[in-house]
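Input: a single structure, listed below in structure tokens.
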Number of protein chains: 2
Amino acid sequence: MRRLAADRAKRLIRSFLAAQSSLSVSSPSSFLSSPASAAMSTSSTPTVSLASINPKVLKCEYAVRGEIVTHAQRLQEDLKAKPGSHPFDEILYCNIGNPQSLGQQPITFFREVLALCEHPSILDRDETHGLFSADAIARAWEILDVIPGRATGAYSHSQGIKGLREAIAAAGIASRDGYPCNSDDIFLTDGASPAVHMMMQLLIRSEKDGILCPIPQYPLYSASIALHGGSLVPYYLDEETGWGLEISDLKKQLEDARSKGITVRALVVINPGNPTGQVLAEENQRQIIEFCKEESLVLLADEVYQENIYAGGKEFNSHKKIARSMGYGDKDISIVSFQSVSKGYYGECGKRGGYMEVTGFSADVREQIYKVASVNLCSNISGQILASLVMNPPKPGDESYDSFTAERDGILSSLARRAKALEDAFNSLEGVTCNKAEGAMYLFPRIRLPTKAIEAAKAVNSVPDAFYVRRLLETTGIVIVPGSGFGQVPGTWHIRCTILPQEDKMPAIVSRFKAFHESFMEEFRD
Amino acid sequence: MRRLAADRAKRLIRSFLAAQSSLSVSSPSSFLSSPASAAMSTSSTPTVSLASINPKVLKCEYAVRGEIVTHAQRLQEDLKAKPGSHPFDEILYCNIGNPQSLGQQPITFFREVLALCEHPSILDRDETHGLFSADAIARAWEILDVIPGRATGAYSHSQGIKGLREAIAAAGIASRDGYPCNSDDIFLTDGASPAVHMMMQLLIRSEKDGILCPIPQYPLYSASIALHGGSLVPYYLDEETGWGLEISDLKKQLEDARSKGITVRALVVINPGNPTGQVLAEENQRQIIEFCKEESLVLLADEVYQENIYAGGKEFNSHKKIARSMGYGDKDISIVSFQSVSKGYYGECGKRGGYMEVTGFSADVREQIYKVASVNLCSNISGQILASLVMNPPKPGDESYDSFTAERDGILSSLARRAKALEDAFNSLEGVTCNKAEGAMYLFPRIRLPTKAIEAAKAVNSVPDAFYVRRLLETTGIVIVPGSGFGQVPGTWHIRCTILPQEDKMPAIVSRFKAFHESFMEEFRD
């Protein structure tokens, strides 16, 4: 076992650069052009060409909305124009954590409050009491009262409305962690993605600046690092130990990067994991914090799945909470925690709400973060309001409390059942092994592809897992993402599949997937 | 006159680099630290310092939310904590085009539709018909019907919901311009700012890439160019001819930049102008298009004030319309038009809605723009819906049409009156001259400051116009932005003031401003 780990480490170090390029899905030539390009005339202007655009843009890849999705959209248009033109009736998007697109219903209380804040002039009308719960009306008033001039259509403070940040800090973060939170540390953002970009923009000066990222990782990180011209320094999660994070490996990767002249600025941790679904143990988090402190790294903690825990005995602990429990304060470690309204049981992706909690930065650096936030003026106010709601939902005694908890628990328990059903299904397939989804919204099974399939992929200039994923799409209408979009140990192949299809659809999906896989393995049997 | 122009041109060329540095408001040392920093403990971590962050972030300045605003926020907190602690009762934010923060009411129809889309389950309820207009209910249904699965909480297509883009393209842009618009050319964005960043990110490879920008300019452009590491190539609007744009000056600046080894990629035009308020004449727009075509420049057309026209005989023409009227199509010129829900008569800044219409780019470059849009998944859905509403408002015959037009015209005619009142007020001040605000939301008067005031500013390490603006704030509570935040002909000093305070407040503002100015001029009389 130790020998295996050492071999693996050597392989990984050698594959430092290879890993970065393998983050792309496959060569563009293996896919048709996008709908946008198909819809365009055959125009060509000399003003801007691929050769003259920012090469960082060219380098950036974002697999979860990559070519496979573009291809799926094309098939969907085919189906609309010519029903029956493909061996399936609908496209099933399991490529992205987008619960409401697959039928998850929004939480009623949240939407009531949002609707009332959109059109406050109905708050005083009698009919409103027939349509909205009393605590939603009360909450809308509370929110309006913390918005200067009750102007929900005004730009807010660049960090977001102060009163909403105060609610997030006190009722949300401090009560979750048991440690104080300062509302001045909160930056409300249009989802977590712009927050991640903001930090990358702050930290990356050139390709000599590196960011330690888990592999596999959520490709927002590789994309953002590429767009900002930095270097992704990979550390590998260990599939055999349930995607565990080994500090010794982290140290090794750091030293290796340093020996190549890279200044490592930050460490990204995604907990619960995306695409891997593991929930870090407290002891592991303590090691990570110790490591960041010792090595003077900013800890970028992606905590957007904090409400998505399915495994018994597992619980979410924020990295800031763990740091504080170790006695480390603002002076000891720089931590940025990202949260989003898109995930959790709420799944409000379209609202683009979220925040980052920025701790342990000097006042002058924080002013720079504030300045960058100011250039975009503020995040959208509905998203700001929703961020305050998910961090401060109805409490016992509120009129909506029972219906709220029923909706929340219904979604979370269904997600847990779906995770288990898909995990079992994957593990029943020939050559497929799948770790448990302890949390988050995905499974990331490993697929041992037959040599003939790998050769067939090469013959059409495709990465093997992308080849598999494309065949799956064309056979079943199911859209998933090839593991190469997230990074994986070279020579291994994976897929990422969300656990989000509604339960009544699950049996059909599982049987379509199984039938496809069997026939694929049969076709390429060595 | 010609001699003067030639002298000016020489001065301007020499000041190429100086202009870029003069875009900053003043040296930080002239202001106290920000509230965020004041709230922080005296922590210091070695992890990140000003010396180790991305220098592009350090270089970026954004005056309309700069130090003067931070100072104003501090005074506001003073007033709250200790009423009477300053010689004014309230802070009046005239620094930013944020109409609803100053009491402008949202358009009822828009907010009705947004509220219904937030909480569609009330659409079928009887009480709803008592609370909402029939056409708002009908429109909400129409919108829900173009959203896949009616899921307003789902991520949309990376460019935005197709059905909303179709409405913007057909009912909005094509009907406005009289030329076709393809919905595939529309990218819905969280306000115009992210769209501008996206284009800068695409076009700028290094400091050797230049973007021609008007001076004075809206500092989003200088900030975005700085953040993306490019060079701002200034062209000067001529204050004496009502902020006219001379093509000969444009050519001169282009050649000058090229002689310095700068590859100029694009030309920014802001029409109606910000901060200058001029509305370009058609003939001038034709010259600009011809220039961009000849010089292979992308035309970045900031058209967010397209509904804000106050001067009789002036009208808005999109640059794409003018290009098409000249017979130039997609193959001839690359034009990006930016629009936002934050401006116009709607002024919905907090909603963060907007779009860019991208025409004349090759299919492969457009795929790159799509990819960058995908990394942030999508813009917020409420903002997307609102963008479709402002581009496709109620029509004659709709139940809301009369009340909608009354609200719209009330706001626009009031803005016109306010613009005139402030213009007259500025022109009545000693040493101040102010061009007419033909459009947009600002006046940009020139102030001839006494030498003693300039010396007093230098003595406290401040730029003279920032010194004036700070004194104004501390004396009256009125927040405006120094001209140096927008750029100005070296040696001249300006201020930008929005026309947005409500009419009932205008007389008091004007008299406070006048009293301040008189006493300032008296104090520093040479």
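Overall size of chain B from C-alpha positions, given as principal axis extents largest first: 70, 58, 58 Å. Measuring nothing but how far apart in sequence close Cα pairs (under 8 Å, 6+ apart) lie, relative to its length, the range B:476-526 scores a relative contact order of 34 percent. For the range A:148-390, relative contact order (Cα pairs under 8 Å, six or more residues apart, normalised by length) works out to 26 percent. B:THR241 label point (Cα plus 7 Å toward Cβ) to equivalent points in the other copies: 7.3 nm, shortest first. Restricting the range A:253-333 to GluC sites (Glu not before Pro) that sit in a DSSP loop and have at most 14 other Cβ atoms within 10 Å of their own Cβ leaves A:GLU315. For B:TYR235, the residues 5 or more places off, or on other chains, whose built amide H falls under 5 Å of its own are B:CYS213, B:ILE215. Going Cα to Cα from A:LYS314, which lysines come in below 22 Å? Please leave out same-chain ones fewer than 8 positions away. Correct list for A:LYS314: A:LYS343, A:LYS420, A:LYS436.
So which lysines can B:LYS320 reach, going by Cα to Cα under 19 Å and dropping same-chain residues fewer than 8 places off? By straight Cα distance, B:LYS320 reaches B:LYS293, B:LYS331. A helix-only calculation puts chain A at -13000 deg cm²/dmol for mean residue ellipticity at 222 nm, using -39500 (n - 2.57) for each DSSP H run of at least four residues, averaged over all residues.
Given charges of +1 on the Cβ of Lys and Arg and -1 on the Cβ of Asp and Glu, with all other atoms neutral, how large is the dipole of the range A:65-113 about its Cα centre, in debye to the nearest 20? It would help to have the intermediate numbers written out before the result.
Numbers: 5 positive and 6 negative charges, 16 e Å.
Dipole magnitude for the range A:65-113 comes out near 80 debye.
Take each residue of peptide A:119-130, count the partner chain Cβ atoms within 10 Å of its Cβ, and average: the result is 5.
Distances between placed amide hydrogens fall under 5 Å for B:GLN488 paired with no residue 5 or more residues away or on another chain.
For the range A:193-199, the Karplus equation 6.51 cos²θ - 1.76 cosθ + 1.60, evaluated at θ = phi - 60°, returns couplings of 4, x, 5, 4, 4, 4, 5 Hz by residue, with Gly and Pro reported as x. Shortest first, B:GLU255 label-point distances to identical copies amount to 6.2 nm, with the label point at 7 Å from Cα along Cα→Cβ. Spin-label point model (7 Å from Cα, Cβ direction): what's the B:ALA51 to A:ALA459 distance in nm? According to this spin-label approximation, the distance is 6.1 nm.
Annotation for B:ASP504 and B:SER85: the two label points, set 7 Å from Cα along the Cα-Cβ direction, are 2.9 nm apart. Taking the Cα centre of the protein assembly as shown as origin, sum charge times position over the Cβ atoms of Lys and Arg (+1) and Asp and Glu (-1), and report the length of that vector in debye to the nearest 20. In total the dipole reaches around 3020 debye. Beta bridges per DSSP, both residues in the range A:148-390: antiparallel share near 35 percent.
Once the Cα-Cα distance is subtracted from the 0.36 nm per residue extended length, the A:THR451 to A:LYS331 segment shows a gain of 37.8 nm.
Between B:ALA140, A:VAL196, B:ILE262, the Cα set farthest toward the positive side of the dipole of the protein assembly as shown (charges on each charged residue's Cβ, about the Cα centre) is that of B:ILE262.
What the phi angles of the range B:396-402 give under the Karplus curve with 6.51, -1.76 and 1.60, with θ = phi - 60°, is a coupling list of x, x, 6, 3, 7, 4, 5 Hz, glycine and proline written as x.
For the residue pairs A:LYS321/A:LYS371; A:LYS351/B:LYS162; B:LYS56/B:LYS371, the alpha carbons lie more than 20 Å apart in A:LYS321/A:LYS371; B:LYS56/B:LYS371.
First check a/c for the range B:184-376, with a ≥ b ≥ c the square roots of the eigenvalues of its C-alpha gyration tensor; if it is under 1.5, answer rounded, and if not, answer prolate when a/b is larger than b/c or oblate otherwise. Rounded is the answer for the range B:184-376, as its axis ratio a/c remains below 1.5. Computed over the protein assembly as shown, the percent of Cα pairs more than 59 Å apart is 8.
Subtracting the Cα-Cα distance from 0.36 nm times the residue separation, let me have the gained length for A:ASP78 to A:ILE247 in nm, one decimal.
55.9 nm
Extension gain for A:LYS420-A:TRP141 works out to 96.3 nm (0.36 nm per residue, less the C-alpha to C-alpha distance).
Shape class of the range B:379-461 from the Cα gyration tensor (axes a ≥ b ≥ c, square roots of the eigenvalues): oblate, since a/c reaches 1.5 or more and a/b does not exceed b/c. Inter-copy label distances for A:LYS458: 7.4 nm (label point placed 7 Å from Cα along Cα→Cβ; shortest first). Straight-line cross-link partners of A:LYS251 among the aspartates and glutamates, defined as a Cα under 12 Å from its Cα and at least 8 positions apart when in the same chain: A:GLU290, A:GLU294, A:GLU295.
No lab work stands behind these numbers, since they all come straight from the coordinates. What you see is a predicted model; the values in this text were computed from it and never measured. Virtual Cβ from ideal backbone geometry, glycine too; neighbours counted across all protein chains shown.
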